[in-house]
1. Over segment 2-125, calculate the relative contact order: mean separation of alpha carbon pairs under 8 Å at least 6 apart, over the residue count, as a percent.
2. Name the most mobile residue of 74, 116, 56, meaning the one with the largest mean-square fluctuation, in a Gaussian network model of the chain with Cα contacts below 10 Å.
3. For 70, 44, what's the fewest-to-most ordering of other Cβ within 10 Å of each Cβ?
4. Please build a GNM for the chain, connecting alpha carbons under 10 Å apart, and tell me which residue among 62, 38, 111 fluctuates the most.
5. Extension gain residue 69-residue 129, at 0.36 nm per residue separation less the Cα-Cα distance, in nm?
6. Which value, in debye to the nearest 20, describes the size of the charge dipole of segment 1-63 about its Cα centre when Lys and Arg Cβ atoms bear +1, Asp and Glu Cβ atoms bear -1, and nothing else is charged?
7. Based on alpha-carbon centroids, what's the gap between segment 60-99 and segment 1-48 in Å, whole number please?
8. Might you report the magnitude of the Cβ-based charge dipole of segment 53-130 about its Cα centre, with Lys and Arg at +1 and Asp and Glu at -1, to the nearest 20 debye?
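What follows is calculated from the coordinates using simple rules that are stated; it is not laboratory data. Worth saying up front: this structure is predicted, and the values here are computed from it rather than measured. Using ideal geometry, Cβ is built from the backbone for each residue, glycine included, and neighbour counts are taken over all protein chains shown.
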Amino acid sequence: MRVNCVGAIIVDAERRLLLILRGHPPGEGLWSLPGGRVRPGESDAAALRRELLEETGLEVEVGPLAGRVDRPGTNGDIYDIRDYHATVLGGRLAPGDDAADARWCPPAELVRLSLTEGLLDTLEGWQALP
């Protein structure tokens with residue numbers, strides 16, 4: 001089954017990328033972009049705003065689509081993930097919901113983190129890194 005998902009690429013004024021530490025499968029214990037499933041009848045933008053608030057405590061403005069990837073999910077599902085650029089409007093960074101941790105990551109540190117499979121290559125291919 002294909003599952004519609006969204007993710008956010010957010011870079012702060014210090015050119016750091018927002019990442020969450022996944023607290024549940026798939027990818028539990030790995031760093032990734034914040035985001036999640038799109039509920040039935042929900043737009044991508046509404047889903048992304050909801051997921052960011054739940055996982056990071058941040059309110060965001062959703063920008064243009066950066067790209068789209070398919071990733072294996074649980075129970076044989078395929079996650080159809082659409083990643084959007086986004087900008088923080090308010091809130092305070094604090095992990096919640098499915099996120100075990102949340103942080104701003106300088107680009108040089110990305111290679112030292114345990115990232116979800118293909119994340120770094122995908123972001124580089126989309127020229128979406130700070």
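1. 33 percent
2. The residue that fluctuates most here is 74.
3. 70, 44
4. It is 111.
5. Fully extending the segment from residue 69 to residue 129 adds 20.0 nm.
6. 220 debye
7. Centre-to-centre distance over Cα atoms comes out at 2 Å.
8. The dipole magnitude comes to about 240 debye.
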